[in-house]
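Quick notes on the structure that follows.
The values are calculated or read from the model by the stated rules, or taken from the named source; none is laboratory data. These numbers come from a predicted model, not from an experiment. Glycine also receives a Cβ, built like all others from the backbone with ideal geometry; neighbour counts cover every protein chain displayed. We work out accessible area using only protein heavy atoms, side chains counted, and drop any ligands, DNA or RNA first. Shrake-Rupley method; radii C 1.70, N 1.55, O 1.52, S 1.80 Å.
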Amino acid sequence: MSAILQGAGAATALSPFNSVDSKKLAASRRSLPVRVGGYIVARSGVSKSFPSGLRVRRSEQLIANAVATKADGAASSTSSKPGHELLLFEALQEGLEEEMERDARVCVMGEDVGHYGGSYKVTKDLAKKFGDLRVLDTPICENAFTGMGIGAAMTGLRPVVEGMNMGFLLLAFNQISNNCGMLHYTSGGQFTIPIVIRGPGGVGRQLGAEHSQRLESYFQSIPGIQMVACSTPYNAKGLMKAAIRSENPVILFEHVLLYNLKERIPDEEYVCNLEEAEMVRPGEHVTILTYSRMRYHVMQAAKTLVNKGFDPEVIDIRSLKPFDLYTIGNSVKKTHRVLIVEECMRTGGIGASLTAAINENFHDYLDAPVVCLSSQDVPTPYAGTLEEWTVVQPAQIVTAVEQLCL
Amino acid sequence: MALSRLSSRSNGLLRSAAAAVLLRRTISTDTSPMTIDISLPFTAHLVEPPSRAVETSPKELLSFYRDMVVMRRMEIAADSLYKAKLIRGFCHLYDGQEAVAIGMEAAITKQDAIITSYRDHCTFLGRGGSLVEAFSELMGRKAGCSNGKGGSMHFYKKDAGFYGGHGIVGAQIPLGCGLAFAQKYSKDEAVTFTLYGDGAANQGQLFEALNIAALWDLPAILVCENNHYGMGTAEWRAAKSPAYFKRGDYVPGLKVDGMDVLAVKQACKFAKEHALKNGPIVLEMDTYRYHGHSMSDPGSTYRTRDEISGVRQERDPIERVRKLIVSHDFATEKELKDIEKEVRKEVDAAIAEAKESPVPDQSELFTNIYVKGLGTESFGADRKELRASLP
C-alpha cells in the first residue's frame, strides 16, 4: 500500500515537467539542466526512487511464470489496478507519447513517421497530436537525418530517430559511430548526445537478406553508445522511456516479429532500467541468456525442458551494451552452466562478446564451456525452410541444454 | 561611394599632416562608422547580391588586423611545434584563410552556431577560444579545450556556439543542419554556419542536408571554403562543376572573395538575414591555404611554389587590411609592426604555458564515455582491470 501512496506522491511532483512552455524551453535548453525529479517504478514490494542515475535495481519480485502474460504475474498483487492490455507497438507508442508530453524537447524524425503514422504504427497519430515540427517526416537520407538528429541533440533537443528497418542505418554508420558515440568524449564532456535511435531489425518472415539484418553486432564496438533490446510490451514501454530520459545515446532494438505481442501493463508510469537484465524464469540447472525474439524460442524450449525434468534459468539480457554482468554473474554462480541463445550471426555477434565476457569474469564458476547458439553466418535466404534453418529453433535449444547438463 | 572613400582619405591625410603620433593612436580606437567598397563584386545565384559598400570602423579594421595576425602566428607556431614532434597525428593549418573566420565573426553573435571540419584552430579562436586552450589541446594536455582527448581535429566551445571540429569529411554538414533545426525548433532567431571544403562539396550528405534544409526552411548557411584543393586533388580534377555556390540548385548562393575580410563580413551579414527569413543559402568563399592539406603534406607536389607565393603577394588577407589601415592612416607601419611583435610574444607565452600543462591522468581514459556511471564498469584495454565484481 505504501508503495502506491509513494507512487501517487511522486506523480504529483512530476507534474511541473509535463507542461514545458517555450520560454522555459528556450531558457533551459542552453543551460541543459540536470533533471532532478524522481519517478517511481510502480511494483509492489519495490519502492525505490530513481534519480536520473538509474541505479541497478535488485529485483525482488521475480516473475514465476514462464511467459509474462498474466496481470497478477507482472503487476503488483496488492494493487487494485488491473492495468491495461495492449500490443507491443502500442506500448512503444504510449511510452513515446508520454515522454513527448512530459518534455517539449523530445521530437521524432524518420521516414513516414508523421502523416503515414509509421511503417509499424509506432508513431501513429503522434503527428496529429504534436504537429509536424515535432514528428518529422524525413526524405530518404539516413546519413543526413541521423546526423541532423545528432546535431540537434548537441544543442539539447532529445530526438528519437527511427530507422524504418535497422538495416538502413548502415548508411548512417559514420554518423552513429563517429559523431553519436564519440562527441561526448572528444569534446571533453562539453556535449551530451541524448539521442535515441530505434527501429525494427532481426530476421522476419521471408523479408530477404537485406531486410533481415541484426545490427547489434555491428554497433556493439562503438564506445559511448548504449544498446538495449526490448522483448515484451512491458519492457518496450519502460526501455523507450528510459532511453529518452538518458543523457547517453541509446540504440533501441525492436524486432519485426514482436510488434503484435499482447500483454497487460500497469496504468501507472514506470521506467525500466537501461543497464539491467530481466529474470524471466529462475532455475537451478542452467543459465540461458537471450534477448529479443529468441526469448520466446527459449521459453518454448523451456516448457519442453521442464517436462523433461530440467530447471533452466532464463535471463533476458535486455542490455546489449553494456552487459549486466551482475545479474548474469550471480546466475552463473548458481547454475555453473551457460547457454547463450541469440539471433546474431556466430561471427562477431553479441553472443561472441558475451561468451568472452563470461569466460573472463566467471571462469571459476563454470562447470562446462559456454555454449552459444546463434544464427548461421549466411545472408538470410528468402525461402521459408532455409530461413527457418538460419535462426535458432526451440528444438536446438532443448538439445543443447540436454548436452550441457549431462 | 568612391567619393566618401576619397573624402575620408583626404581627411586622414590632413590629420596626419597636422598631428603627431599621439593623435593617430586615438584614431585606432575610433568607432565612427565608415564605408569601404570591396574590390571584387559578389556573384549571385537565385538571389540579389548585397551591395559592395561595407560598413566598418577604424577600430574594427584594427581588430581584424590583430585577430588575423594572432591566427596567422598561431598556425605558424603550430607548424614549428609539429616539426618539433610536440604535436602529433594530423595537423591541418588554416593560414591564408583567416579572413573567412574573422569576417564571419564580425557579422554574427555567439548565439549563432558555427560548425566546421578539421581545419578548426582559427575558427575556435574566432569563437572566443584562448591560445592556451588551443595549444594545450594540440599537444594533448589537460588544459586543452577538450581536456587533451580530442586533438587538432576536435576543438569545441559549447558556450560560444562552436560545435567543432570534425574529422570525417562532410559529416559535419548534417550535424549543422541539425543545429539549425534545433534553433528553429526552439525559436532562437539565430542561424547556423556550416563550413565545409571544396572536397567535401562532392559528398552525398551535402545534397541530402540541402534538400532537408530547404524543405523545412531551416536557418542554415552552408559555407564552402573553396581553397581549390581537396587534399592533393585540384578542384578541376574532382568536380565537374566548380561553381559550388550554384550546387544548391533550388537554394540561393553567393560567391565571395574569401581573402577579403570585409567581403566576407558583408556576405555573412546578408546570409544571416536571408536565412532567418527565407531558409538556407550557400556561400562559396574563394580562399587559399598556404600550407599543404596537413603537416604530412608538403603542399607543393600538386601546385607550384610560384602559385603559392603569387597568392601570398596579391591576395593575402592580412596584407590587404594592412594596406587599408595604412592608406586611411588609422595606424602607421611601425604601429602595425609593434602589434605583430606583441602578438608574437603573446603566442610564445601561450605555448610556454601550454607546455607546462600536464598530460591527462590515466583515469581520464574512461571519463566522458557515458554521461552517468553505470551499474557495470568499462574495461581496460587488457581486460585485466576494472572488472565487474560480485559480492
Completion exercise
Selection from the stretch A:272-286 of residues open to solvent by less than 10 Å² (accessible area, probe 1.4 Å) and away from chain B (no Cβ under 14 Å) yields A:VAL280, A:GLY283, A:VAL286
Problem - Residue ID - surrounded by the fewest Cβ atoms within 10 Å (Cβ to Cβ), chosen from residues in the stretch B:208-267 that are among the acidic types (Asp, Glu) and without any contact (Cβ under 8 Å) to a residue 40 or more places away in the chain - result: B:ASP249
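Would you tally the residues in the stretch A:206-218 being open to solvent by 30 Å² or more (accessible area, probe 1.4 Å) and in contact with a Leu (Cβ under 8 Å, 6 or more places away or on another chain)?
Of the stretch A:206-218, the ones open to solvent by 30 Å² or more (accessible area, probe 1.4 Å) are A:206-207, A:209-211, A:213, A:218.
Those still in the list that are in contact with a Leu (Cβ under 8 Å, 6 or more places away or on another chain) too: A:213, A:218.
Total satisfying the criteria: 2.
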Exercise for the section: Evaluate the stretch B:125-140: report whether one residue or more is within 11 Å of chain A (Cβ to nearest Cβ) and open to solvent by 10 Å² or more (accessible area, probe 1.4 Å). Expected result: yes
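Considering only the stretch B:161-177, how many residues are assigned to a loop (DSSP other than H, G, I, E, B) and buried (at least 24 other Cβ atoms within 10 Å of the Cβ)?
Within the stretch B:161-177, the first condition is being assigned to a loop (DSSP other than H, G, I, E, B), and the residues that meet it are B:161, B:163-171.
Adding the requirement that they be buried (at least 24 other Cβ atoms within 10 Å of the Cβ) leaves B:163-166.
Residues meeting the conditions: 4.
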Completion exercise
Among A:MET299, A:MET294, the single one that is closer than 30 Å to A:LEU386 by Cα, buried (at least 24 other Cβ atoms within 10 Å of the Cβ) and at pLDDT 95 or above is A:MET294
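Looking for something within 14 Å of chain A (Cβ to nearest Cβ), within 30 Å of B:LYS272 (Cα to Cα) and modelled with pLDDT of 95 or more - is there at least one such residue anywhere in the stretch B:99-109?
Among the residues of the stretch B:99-109, at least one is within 14 Å of chain A (Cβ to nearest Cβ), within 30 Å of B:LYS272 (Cα to Cα) and modelled with pLDDT of 95 or more, which makes the answer yes.
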Exercise for the section: Go through the stretch A:232-275 and give me each residue that's of a type in the set (Asp, Glu) and either farther than 20 Å from A:SER217 by Cα or in a helix (DSSP H, G or I) (or both). Expected result: A:GLU247, A:GLU263, A:ASP267, A:GLU268, A:GLU269
Fill in the blank from the handout: Residue count, the stretch A:219-231, condition out of contact with any Gly (no Cβ under 8 Å at 6 or more places or on another chain) and open to solvent by 10 Å² or more (accessible area, probe 1.4 Å), comes to 2
Practice task
Tell me, please, whether a residue that is within 24 Å of the chain's Cα centre (by Cα) and either part of a loop (DSSP other than H, G, I, E, B) or surrounded by fewer than 22 Cβ atoms within 10 Å (Cβ to Cβ) (or both) can be found in the stretch A:339-346.
Solution key: yes
Practice task
Check off (1) within 27 Å of B:GLY232 (Cα to Cα); (2) without any contact (Cβ under 8 Å) to a residue 12 or more places away in the chain; (3) of a type in the set (S, T, N, Q) for B:GLN172 and give me the number that stays unchecked.
Solution key: (2)
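Just checking: which of the helices (runs of 4 or more DSSP H) contained wholly in the stretch A:110-201 hold 2 or more residues that are open to solvent by 10 Å² or more (accessible area, probe 1.4 Å) and away from chain B (no Cβ under 12 Å)? Walk me through how you get there before you give the answer.
Values: elements: A:126-130, A:142-155, A:183-186.
Here the list reads A:126-130.
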Handout entry: A:VAL370 being open to solvent by 10 Å² or more (accessible area, probe 1.4 Å) and either closer than 27 Å to A:PRO233 by Cβ or in contact with a strand residue (DSSP E or B) (Cβ under 8 Å, 6 or more places away or on another chain) (or both)
Key = yes
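Is it the case that the stretch B:369-391 has a residue that's more than 14 Å from chain A (Cβ to nearest Cβ) and either modelled with pLDDT under 95 or open to solvent by 60 Å² or more (accessible area, probe 1.4 Å) (or both)? Let's see the steps before the verdict.
Step one: filter the stretch B:369-391 for residues more than 14 Å from chain A (Cβ to nearest Cβ), giving none.
The answer is no, given that none of the residues of the stretch B:369-391 is more than 14 Å from chain A (Cβ to nearest Cβ) and either modelled with pLDDT under 95 or open to solvent by 60 Å² or more (accessible area, probe 1.4 Å) (or both).
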Problem - A:ASP316 being more than 14 Å from A:TYR365 (Cβ to Cβ) and buried (at least 24 other Cβ atoms within 10 Å of the Cβ) - result: yes
Practice task
Answer yes if at least one residue in the stretch B:152-165 is in contact with a strand residue (DSSP E or B) (Cβ under 7 Å, 6 or more places away or on another chain), at pLDDT below 95, within 13 Å of chain A (Cβ to nearest Cβ) and under 19 Å from B:GLY199 (Cβ atoms), and no otherwise.
Solution key: yes
Exercise for the section: Answer yes if at least one residue in the stretch B:291-308 is open to solvent by less than 40 Å² (accessible area, probe 1.4 Å), closer than 30 Å to A:HIS363 by Cβ and either at pLDDT 95 or above or not basic (Lys, Arg) (or both), and no otherwise. Expected result: no
Problem - Qualifying residues in the stretch B:184-201 (those that are within 21 Å of the chain's Cα centre (by Cα) and not hydrophobic (A, V, I, L, M, F, W, C)) - the one surrounded by the fewest Cβ atoms within 10 Å (Cβ to Cβ) - result: B:GLY199
Practice task
Give B:LEU93, B:LEU86 a once-over and let me know the one that is assigned to a loop (DSSP other than H, G, I, E, B), modelled with pLDDT of 95 or more and more than 8 Å from chain A (Cβ to nearest Cβ).
Solution key: B:LEU93
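From the list B:GLU319, B:GLU273, which one is open to solvent by 30 Å² or more (accessible area, probe 1.4 Å), assigned to a helix (DSSP H, G or I), within 28 Å of B:ASN211 (Cβ to Cβ) and among the acidic types (Asp, Glu)?
Working: B:GLU319 fails: within 28 Å of B:ASN211 (Cβ to Cβ).
Exactly one residue qualifies, and that residue is B:GLU273.
Looking only at the stretch B:231-267, count every residue that is of a type in the set (A, V, I, L, M, F, W, C), under 22 Å from the mean Cα position of the chain (by Cα) and more than 30 Å from B:GLU55 (Cα to Cα) and tell me the total.
Selection size over the stretch B:231-267: 2.
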Exercise for the section: Would you check which residues across the stretch B:175-198 are polar (S, T, N, Q) and in contact (Cβ under 8 Å) with a residue 24 or more places away in the chain and list them? Expected result: B:GLN183, B:THR192, B:THR194
Exercise for the section: Using the structure shown, decide if B:TYR118 is within 12 Å of chain A (Cβ to nearest Cβ) and either of a type in the set (Gly, Ala, Ser) or open to solvent by less than 10 Å² (accessible area, probe 1.4 Å) (or both). Expected result: no
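Return yes or no: is B:TYR82 closer than 25 Å to B:LYS341 by Cβ, aromatic (Phe, Trp, Tyr), in contact (Cβ under 8 Å) with a residue 24 or more places away in the chain and open to solvent by 20 Å² or more (accessible area, probe 1.4 Å)? Explain how you work it out, then say what you get.
Values: closer than 25 Å to B:LYS341 by Cβ: yes; aromatic (Phe, Trp, Tyr): yes; in contact (Cβ under 8 Å) with a residue 24 or more places away in the chain: yes; open to solvent by 20 Å² or more (accessible area, probe 1.4 Å): yes.
So B:TYR82 passes the test.
Among A:VAL314, A:VAL401, which is within 19 Å of A:HIS255 (Cβ to Cβ) and touching a strand residue (DSSP E or B) at 6+ places or on another chain (Cβ under 6 Å)? Working first, answer last.
Details: A:VAL401 fails: within 19 Å of A:HIS255 (Cβ to Cβ).
Of the residues listed, the single one that is within 19 Å of A:HIS255 (Cβ to Cβ) and touching a strand residue (DSSP E or B) at 6+ places or on another chain (Cβ under 6 Å) is A:VAL314.
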Exercise for the section: Note down all Cβ pairs under 6 Å where the first residue falls in the stretch A:85-98 and is assigned to a helix (DSSP H, G or I), the second is at pLDDT 95 or above and among the small types (Gly, Ala, Ser), and they're at least six residues apart or on different chains. Expected result: A:LEU88/A:ALA236; A:ALA91/A:ALA236; A:LEU92/A:ALA236
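Quick check on the stretch B:178-188. Is at least one of its residues part of a helix (DSSP H, G or I) and either charged (D, E, K, R) or farther than 25 Å from A:GLU142 by Cβ (or both)?
The first filter runs over the stretch B:178-188 and keeps only residues part of a helix (DSSP H, G or I), leaving B:178-185.
After this cut, where a residue has to be either charged (D, E, K, R) or farther than 25 Å from A:GLU142 by Cβ (or both) as well, the list is B:184.
Scanning the stretch B:178-188, I find at least one residue that is part of a helix (DSSP H, G or I) and either charged (D, E, K, R) or farther than 25 Å from A:GLU142 by Cβ (or both), so the answer is yes.
Just to be sure before I move on: is A:ARG102 open to solvent by 10 Å² or more (accessible area, probe 1.4 Å) and within 18 Å of A:SER246 (Cβ to Cβ) in the structure I sent?
Details: open to solvent by 10 Å² or more (accessible area, probe 1.4 Å): yes; within 18 Å of A:SER246 (Cβ to Cβ): yes.
Answer is yes for this residue.
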